[in-house]
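The values are calculated or read from the model by the stated rules, or taken from the named source; none is laboratory data. Just so it is clear, the model here is predicted, and its values are computed rather than measured. So basically every Cβ, Gly included, is an ideal-geometry build from the backbone, and we count neighbours across all protein chains shown. For accessibility, only protein heavy atoms count, side chains too; no ligands or nucleic acids. Shrake-Rupley method; radii C 1.70, N 1.55, O 1.52, S 1.80 Å.
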Amino acid sequence: MMLAAAETHGFLSPTGVEIAFLLVGLATLGAAAITVTTKQLVHAALWLVVALGGLAVEYLLLTAEFIAWVQVLIYVGSVVVLLLFGLMLTKAPIGRSPDADSRNGWVALVVALAAAGALVWVVVDAFRTTWIDLDGPSQGSTQVSGEILFRHWVLPFEALSVLLLAALVGAIVLSRKDAKAPEGKS
């Protein structure tokens, strides 16, 4: 009986995990679209939290638990908080901002679609002949992720941390009030 059930699952009959992956992916795509189209900066940051949280759920569905928790801790926890902190420190407008719209939406859409098409083409071309070793450790495991991170991606990882530190220092500098120049000196 179990063998018959296993044989009926074919290419076009999705499992529950695949359906959940698709639904979460659509919700994440919608949140990302709202993030880049809203005219309120704080709302954009909050929709970014939803989009990044959706990516973490996608990683969980792909059984990459470590990457999912890194996504939550670093991106949702740190980057978005840093972004909101920067918005508050620089006294950015909280409500609708007419400056947030440059009227070049169609040009941006064309460039985004061209970049997405080029990215998909490059990734498909690069990994066309790559096979996953199903007998080795799972690709999302802590061991494999740590080996890849500290063997191949140390420099970009450290560069990102310096970039985030520079953004924090820049937000603090921009938020400081100008001290009055001493009188008599120019």
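Just one of the listed residues (A33, A116) is within 30 Å of L174 (Cβ to Cβ) and at pLDDT 90 or above, and it is A33. Among the residues of the stretch 147-186, those identified as modelled with pLDDT of 80 or more and small (G, A, S) are A159, S161, A166, A167, G170.
Of the residues making up the stretch 62-81, just one is open to solvent by 40 Å² or more (accessible area, probe 1.4 Å), at pLDDT below 85 and not in a helix (DSSP H, G or I), namely T63. Within the stretch 24-43, the residues that satisfy the criterion of being closer than 23 Å to L163 by Cα and either over 13 Å from the mean Cα position of the chain (by Cα) or open to solvent by 60 Å² or more (accessible area, probe 1.4 Å) (or both) are V36, L41, V42. Among the residues of the stretch 44-61, are any modelled with pLDDT under 85 and farther than 19 Å from L164 by Cα? Scanning the stretch 44-61, I find no residue that is modelled with pLDDT under 85 and farther than 19 Å from L164 by Cα, so the answer is no.
For S138, the conditions (1) polar (S, T, N, Q); (2) at pLDDT 85 or above; (3) part of a loop (DSSP other than H, G, I, E, B) are fulfilled apart from (2).
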